[in-house]
Amino acid sequence: STMRERKTTDPLHSTDPLHSSTDLSEGKEKLRLKQEVGLISGVSLIAGTMIGSGIFMSPEWVLHHMGNPASSLLIWAACGLLAVFGALSYAELGTIIKESGGEYIYILRIFGSFPAFLFAYTSVILVRPAGLAAVCLSFAEYAIAPFYPGCSSPQVAVKCAAAACILILTIINCLNVRLATSVMNIFTAAKLLALLVIVVGGLVLLANGQTQSFQNGFQGTTAGIGAVGVAFYQGLWSYDGWNNLNYVTEELKKPEVTLPRAVMIAIPLVTCLYLLVNVSYLAAMTPSELLSSGAVAVTWGDKVLGSWAWLISLSVALSTFGSSNGTFFSGGRVCYIAAREGHMPDILSMAHVRCLTPSPALLFTSAMSLIMIISGSFTSIVNFFSFMAWLFYGMTISGLLYLKIKKPELPRSYKVPIVIPIIVLMAAVYLVLAPIIDQPQIEILYIVLFIFSGIILYFPLVHFKCHPRFLQRVTLHLQLLLEVAPTTRDAN
């Protein structure tokens, strides 16, 4: 069938949890994705995806919503702490449910098929492609800016550059997992070097006495819960990617060790860099200058680096390309795992017979992102992306709390103190409800309606398995064309 039936026992309810054979019932040997992601690549995947365009663009918006430098720095620190707490909670989930797919597989194993389908439907069709398109558009803006000095770049050129970026990423990720992780490692090193340049520049400015922005730092702090929630959205956009390693658990070497270690290295490192970079921005600019800047990092470069300011534009382009690669790498896995569990067409669950990459899922993600790029810009995507993300993060964390309380006997190599997921769940509830209560927007209603529109597809296609016969032939032809075959999950 084109939407495969699950052949496995639910590992959370089996007599031998997480060690049962997954799909060897037919006695056939199937393909597996390679375990190519080690500790360094894991750290690069987390840090490389987190450090995108956000730290170069979001500081002005956090400052705008909070009203002063000191409280904006507190927001950045709180966002980092929340990302660490969320990632540690996910690390325990990753050692209980050793399957790729992130939130999707956790919601499926804990809450069942229907909510997992709604997540997959929303993520695969809208959230992941839109997020990838937005980051690629940011890359394109910086990449082609030097060709149009003194004026804004034409939208056609920007969209063509963004589309080219997606196509290059598709080729890289379809060819080889090791090639994709090597690209992540190289670009992560480049963007860390760029952030270190900004940090060192800021420390030099502070040593020379440029501390005016920090005097009366808390004066004029915004107190509204909605404004604080939106400021968190803007800050957390820069931290997005803290959960990316959970999407590729089956491709990790020793996931029970690599997952917690990579989290504890990558996220505190990024948090410290973000705080120091924000201090550097405020040392070089007054709050009013920072608020009026269209691109904070470029303004900083003009003020501090002078004729070398072009290095910042290059660094942002490299940073956003690396972040796009990480987003694409993990986003394709959600589509692949959802198809493997019967929630997407069967062709998307297959892997290339030689490259051992989930190329159909990657091609589908690429196609959806290209449609998003052609259809328009994504200036407001941050708030709505964050709303949907934290809605599902909250559901996933509540699942962890359920397992800790109701199923403490499940084997796990890492345990997070229960207070940490409780804090993350409270933060998720606040981030979902605060903007609705304080500043309700009609777009949020559209998002909720889109999520629940999945009901129309779920019952005929998944629950009752009503599949048109011609789709079987389409699947077979695509399988031959793309040279792909069904895969099995890693059952270690």
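The values are calculated or read from the model by the stated rules, or taken from the named source; none is laboratory data. This structure is a prediction, so every number in the text was calculated from the model and none was measured. Quick reminder, even Gly has a Cβ in these numbers, built from the backbone with ideal geometry, and neighbours come from all protein chains shown. For accessibility, only protein heavy atoms count, side chains too; no ligands or nucleic acids. Shrake-Rupley method; radii C 1.70, N 1.55, O 1.52, S 1.80 Å.
Carbon and sulfur together cover what percent of the accessible area of the chain at a 1.4 Å probe radius?
The nonpolar share, carbon plus sulfur, comes to 68 percent.
LEU363: accessible area at probe 1.4 Å, nearest 10 Å²?
Approximately 70 Å² of LEU363 is accessible to the 1.4 Å probe.
Helix 255-284 sits at what angle to the longest principal axis of the chain, using alpha carbons and giving 0 to 90 degrees rounded to 10?
For 255-284 against the chain, the angle is about 20 degrees.
Would you work out the Kirkwood radius for segment 29-165? I mean one over the mean of 1/r across all pairs of different Cα atoms, in Å.
Its Kirkwood hydrodynamic radius stands at 18.6 Å.
Would you please state which residues of segment 121-153 a label at TRP310 would reach in this model, taking the label point 7 Å out along Cα→Cβ and a backbone N cut-off of under 20 Å?
139-153
Taking the Cα centre of segment 39-477 as origin, work out the dipole magnitude from +1 charges on Lys and Arg Cβ and -1 charges on Asp and Glu Cβ, in debye rounded to 20.
Magnitude of the dipole: close to 1160 debye.
Which entry is the computed percent of Cα pairs over 45 Å apart for this structure: [x] 11; [y] 30; [z] 26?
[x]
Using the heavy atoms of the protein chains and a 1.4 angstrom probe, tell me the accessible area per residue for the chain in square angstrom.
With all protein chains present, the chain gives 40 Å² per residue.
Quick one: work out Rg over Rh on the C-alpha atoms of segment 316-367, Rh as Kirkwood radius.
Rg/Rh: 1.07.
Pull out a ≥ b ≥ c, the square roots of the eigenvalues of the alpha-carbon gyration tensor of segment 231-271, then state rounded if a/c is under 1.5, prolate if not and a/b is larger than b/c, and oblate in the remaining case.
Oblate, since a/c reaches 1.5 and b/c is not below a/b.
Rounded if a/c is under 1.5, else prolate if a/b is larger than b/c, else oblate: which is segment 141-271, with a ≥ b ≥ c the root eigenvalues of its Cα gyration tensor?
Since a/c reaches 1.5 but b/c is at least a/b, the shape of segment 141-271 is classed as oblate.
Express in nm, to one decimal, how much length is gained between PHE452 and GLN215 on full extension, taking 0.36 nm for each residue of separation and deducting their alpha carbon distance.
Going from the current span to full extension adds 80.4 nm.
Going by the alpha-carbon gyration tensor, a ≥ b ≥ c the square roots of its eigenvalues, is segment 383-491 rounded (a/c under 1.5) or, if a/c is not under 1.5, prolate (a/b greater than b/c) versus oblate?
Judged from the Cα gyration tensor, segment 383-491 comes out oblate (a/c at least 1.5, b/c at or above a/b).
Compute the FRET efficiency between HIS463 and ALA189 as 1/(1 + (r/R0)^6), taking r as their Cβ-Cβ distance and R0 = 41 Å, and round to the nearest 0.05.
Efficiency, rounded to the nearest 0.05: 0.30.
Quick one: how many lysine pairs does segment 39-477 have with C-alpha atoms less than 21 Å apart and a gap of 8 or more or different chains? Give me the count, please.
Count of close lysine pairs: 12.
Would you mind checking which residues have amide H under 5 Å from ALA351's amide H? H placed 1.01 Å from N; only 5 or more apart, or other chain.
Amide H to amide H, under 5 Å and 5 or more residues apart or across chains, ALA351 pairs with ALA485, THR487.
Karplus couplings for segment 411-416 from phi (6.51 cos²θ - 1.76 cosθ + 1.60, θ = phi - 60°), rounded to Hz, Gly and Pro as x?
Per residue, the Karplus-derived 3J(HN,Hα) values read x, 8, 8, 9, 10, 9 Hz.
I need the calculated FRET efficiency for the pair VAL419 and ALA367, taking r as the beta carbon distance and R₀ as 41 Å, to the nearest 0.05.
It comes to 0.40.
Can you give the helix-only mean residue ellipticity at 222 nm for the chain, where every DSSP H stretch with n ≥ 4 adds -39500 (n - 2.57) and the sum goes over all residues, rounded to the nearest 500 deg cm²/dmol?
After summing the helix terms and dividing by the residues of the chain, the value is -21500 deg cm²/dmol.
On a 0 to 90 degree scale, rounded to 10, what angle separates helix 442-452 from the longest Cα axis of the chain?
Value to nearest ten degrees: 20.
Does anyone have the angle between helix 128-144 and the longest principal axis of the chain? Alpha-carbon axes, 0 to 90°, nearest 10?
On a 0 to 90 degree scale, this one is about 40.
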